[in-house]
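Take a look at the structure below.
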Amino acid sequence: MTDTHHRAPAVTERESAVKTMTMAGAINAGLRAAMERDPKVLLMGEDIGQLGGVFRVTDGLHKDFGGDRVMDTPLAESGIVGTAIGMAMRGYTSVIEIQFDGFIFPAFNQITTQLAKMHYRSGGRLTLPLVIRVPFAGGIGAVEHHSESIEALFAHTAGLRICSPATPQDAFDMIQQSIASPDPVMFLEPKARYWDKGDVDTDAVRTRLDAAAATADIGRARVARPGTDVTVIAYGPTVRTALQAADVASGEGTSVEVVDLRSVSPLDIPTVVRSAKRTGRVVVVHEAPTAHGVGAELAARIGEEAFFHLKAPVLRVGGFHTPYPAAKFEHDYLPSLDRVLDAVDRVMTH
Amino acid sequence: MEATGPLSDEGLVQLLDVDGTRVADPDWEPYAAHLTPDALRLAWRLMTITRAFDAEATSLQRQGELGLWVSCLGQEAAQIGSGTAVREPDYVFPSYREHGVALTRDIDLPQMLTLFRGLEHGSWDPVAHSFHLYTLVIGAHSLHATGYAMAMDRDGLVASGSPDKDGAVICYFGDGATSQGDVNEALVFASVNNAPIVFFVQNNQFAISEPTTRQSRVPLAQRADGFGIPRVRVDGNDVIAVHAVTQWALRHARAGQGPVLIEAFTYRMASHTTSDDATRYRTRADEEKWRQRDPIERLKKHLDALGELPQEFRDAVTAETKALGKRTRETVKSWERPALLTMFDHVYAEPHQQVESERAWFDRYQQSFLDEGSHA
Ligand SMILES: Cc1ncc(C[n+]2csc(CCOP(=O)(O)OP(=O)(O)O)c2C)c(N)n1
């Protein structure tokens, strides 16, 4: 495994393949590419057809691929996941859109007792290459159930891979690689970052779409910014916050390394531990509640594998042990730049 | 309108036609007979207030004062017609679009906007109003409603021998919700337990962008047959018919005869919410067709023809809606966000160590900024 993302610096003669895209646009382009490549890739979800999804991530796909491949389903999440499992048994790869994080729970049973376990129960005879796309996490001022970070609830279930892109490039690559992976993948899209723009090289992923490479890549972390004093680990929506914190901290003489986890299951422990050993100080930032969360798992693993390198305890910055609060409270509930900097300060002065 | 299927007018009960003329229907007449001109004026007034409030909330959202608004434009007859059939000790489980029903439960309409302004998740005391909180997870509340009805039955509030004291539950949900497992399980539980509950489906023809044909091949009311539950399909833009069928259904449930499913066939005139854009999936012509079937206009024509909507009454209602609009604007703009620490309140009924330690940490954290400020 490498520290950085697999992609080497863009090959110069492919300059024309680099386009500026939003994250939503990059996922759309990735879905389109996967559907063009394989006629057995289907999209299923609520309002993903003519409407293009409530975030317009599937915009235009219904028009170009038709209702048989971009299916507006009945309003029933358990039904969507359950029927997609059956279709997968005949070779169809469904990419499901769950409209919002808080509405995945009617499908919790199908995902955790069926989808996650079928490969195991069948002794490897059945593979279910489904992808469940979920616009997740908060920051958009929404009403209840539209801002939740659900990753830990699913990460506790063996059999599911869980990843989350933080940039348009990763969104474009990782959605295609998630589709290419024979395992079920939960693809968590940081909805507050849908309209963030970035350069996307649309060629690079092509050589990394075989099952092994694709699956390996969506399980890898990347060092988003190198540094020497503190490691800040983030994924999805908090990567941007971590990078901002690194900027501010560098102005105050602290060098922050930002690790973009990209994958919640599996966790790329080698990359994390290498960074932790280098800096000796670690802060984990996620929107999900810290109690019983991904940060707790990381702290334990870092403790186990880098204990004698640590100069301070691993700190977590995240949501509280409360339901996601009403919108007017969310910016104080969420791990803000100030709270990340506060934690960086605390590990530095420990 | 289609000839058959979920968007047809198959079997619709109607007591007031599109032109406001009373339709004779001996089966349902007994349940509308008590509707005096006074009662009809009240229905017109409540529908008009609902619509005015809805327009005010929509405009407050456009001005950035609300995070979201879920309009009930066009569904006023379905909501007022049914809501006015509810009485003590009945209990209502709304979904999230039932602002008209809320009005019939004496909820102060401006107060319900705390939810939509992002100040809290629930906005009223559900017990005081016999009106449960809005539920945004589609269909989840249908099971709560069923369980509540089962408990009412245990508590002797059904078929008690004094019909005036009997009660039942009415549970609202949309056409999309009928596909959810929870809703189907609610129908099963209600059926086998003979629960005193009326399932009131407002088929407004859309679940966001998806037409009812994505949920069903037959009129939704027919779903009830497989569960052994009696059903009625009613013109949801006819406030008299909606009221009559709901009267019947609630009496049926209160008398211990078990659940009923009502499908009120109507049309969602606005987009799904202020975040939605209905022009992406339906035509202006379709909307225009349904504007011609407007529920408030229909009742007005009827009252006019009877000479029962005097100018003074209209003027008074206009003044009332204007005052409500002004009060709504002022109330909403006057709200301050509660202290941040309140976000740790009410997670549990008894203290919980994790919450308390995080509350204390957050308090110290906030305090550290204040301290820094005072040093500067
Ligand atoms: C379990 C669940 N899935 C998805 C959603 C997102 N969503 C909100 S409203 C809606 C459509 C509901 O349609 P319908 O039941 O017909 O009621 P209407 O909004 O038309 O009144 C959807 C899909 C949700 N709130 N809950």
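The values are calculated or read from the model by the stated rules, or taken from the named source; none is laboratory data. Keep in mind that what you see is a predicted model, and the values were worked out from it rather than measured. All Cβ positions, glycine included, derive from the backbone under ideal geometry; neighbour counts span all protein chains shown. Heavy atoms of the whole protein, side chains included, go into the accessibility calculation; ligands, DNA and RNA do not. Shrake-Rupley method; radii C 1.70, N 1.55, O 1.52, S 1.80 Å.
Yes/no per residue for (1) among the small types (G, A, S); (2) within 14 Å of chain A (Cβ to nearest Cβ):
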{"position": "B:S275", "(1), (2)": "yes, yes"}
{"position": "B:E287", "(1), (2)": "no, no"}
{"position": "B:A323", "(1), (2)": "yes, no"}
{"position": "B:K326", "(1), (2)": "no, no"}
{"position": "B:H352", "(1), (2)": "no, yes"}
{"position": "B:E372", "(1), (2)": "no, yes"}
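Scanning segment B:353-360 for any residue that is in a helix (DSSP H, G or I), farther than 30 Å from B:L7 by Cα and in contact with a Lys or Arg (Cβ under 8 Å, 6 or more places away or on another chain) turns up nothing. Counting only helices (runs of 4 or more DSSP H) that sit wholly inside segment B:25-104, those with at least 1 residues that are at negative phi and surrounded by fewer than 21 Cβ atoms within 10 Å (Cβ to Cβ) are B:37-62.
Scan segment B:233-242 and give yes if some residue there is within 14 Å of chain A (Cβ to nearest Cβ), of a type outside the set (A, V, I, L, M) and within 15 Å of the ligand (Cβ to nearest atom), otherwise no.
Keep residues of segment B:233-242 that are within 14 Å of chain A (Cβ to nearest Cβ), which gives none.
So far as segment B:233-242 goes, no, none of its residues is within 14 Å of chain A (Cβ to nearest Cβ), of a type outside the set (A, V, I, L, M) and within 15 Å of the ligand (Cβ to nearest atom).
Residue pairs whose Cβ atoms lie under 6 Å apart, sitting 6 or more positions apart in sequence or on different chains, and linking a residue in segment B:214-239 that is farther than 26 Å from A:G49 by Cβ and without any contact (Cβ under 8 Å) to a residue 40 or more places away in the chain to a partner that is open to solvent by 10 Å² or more (accessible area, probe 1.4 Å) and away from the ligand (no atom under 16 Å from the Cβ), are B:A224/B:R231; B:G228/B:S191. When segment B:162-207 is filtered for residues that are hydroxyl-bearing (S, T, Y) and within 16 Å of the ligand (Cβ to nearest atom), the ones remaining, listed by number, are B:Y172, B:T178, B:S179.
For segment A:44-74, the set of residues classified as without any contact (Cβ under 8 Å) to a residue 40 or more places away in the chain and at the interface with another protein chain (Cβ under 9 Å from one of its Cβ atoms) consists of A:G49, A:Q50, A:L51, A:G52, A:D72, A:T73, A:P74, listed by residue number. The set of residues from segment B:208-232 being closer than 17 Å to B:S8 by Cα and within 14 Å of the ligand (Cβ to nearest atom) comprises B:E210, B:P211, B:T212, B:T213, B:R214, B:Q215, B:S216, B:L220, B:R223. Only one of the numbered conditions (1) within 14 Å of chain B (Cβ to nearest Cβ); (2) touching a Ser or Thr at 6+ places or on another chain (Cβ under 8 Å); (3) assigned to a loop (DSSP other than H, G, I, E, B) is not met by A:P129, and that is (1). Of all the residues in segment B:132-163, those that are modelled with pLDDT of 95 or more, over 24 Å from A:D101 (Cα atoms), of a type outside the set (S, T, Y) and in a helix (DSSP H, G or I) number 8.
Inspect segment A:168-180 for any residue being open to solvent by less than 30 Å² (accessible area, probe 1.4 Å), assigned to a loop (DSSP other than H, G, I, E, B) and touching an Asp or Glu at 6+ places or on another chain (Cβ under 7 Å) and give the result as yes or no. Break it down into steps so the answer makes sense when it comes.
From segment A:168-180, those open to solvent by less than 30 Å² (accessible area, probe 1.4 Å) are A:168-179; that's our starting set.
Right, trim to assigned to a loop (DSSP other than H, G, I, E, B) and you get none.
Scanning segment A:168-180, I find no residue that is open to solvent by less than 30 Å² (accessible area, probe 1.4 Å), assigned to a loop (DSSP other than H, G, I, E, B) and touching an Asp or Glu at 6+ places or on another chain (Cβ under 7 Å), so the answer is no.
Just one of the listed residues (A:A288, A:A306, A:A300) is assigned to a strand (DSSP E or B) and either more than 23 Å from A:D247 (Cα to Cα) or more than 14 Å from chain B (Cβ to nearest Cβ) (or both), and it is A:A288. When segment B:105-148 is filtered for residues that are open to solvent by 30 Å² or more (accessible area, probe 1.4 Å), more than 13 Å from chain A (Cβ to nearest Cβ) and among the charged types (D, E, K, R), the ones remaining, listed by number, are B:D106, B:D108, B:D125. Do the conditions hold for A:A116, that is, is it small (G, A, S) and either away from the ligand (no atom under 16 Å from the Cβ) or touching a residue at least 40 places away in the same chain (Cβ under 8 Å) (or both)? It is true that A:A116 is small (G, A, S) and either away from the ligand (no atom under 16 Å from the Cβ) or touching a residue at least 40 places away in the same chain (Cβ under 8 Å) (or both). Checking each residue in segment B:238-273 for being in contact with a helix residue (DSSP H, G or I) (Cβ under 6 Å, 6 or more places away or on another chain), small (G, A, S) and open to solvent by less than 10 Å² (accessible area, probe 1.4 Å) picks out B:A244, B:A264.
The number of residues in segment A:88-113 that are more than 12 Å from chain B (Cβ to nearest Cβ) and either within 17 Å of A:E151 (Cβ to Cβ) or buried (at least 18 other Cβ atoms within 10 Å of the Cβ) (or both) comes to 10.
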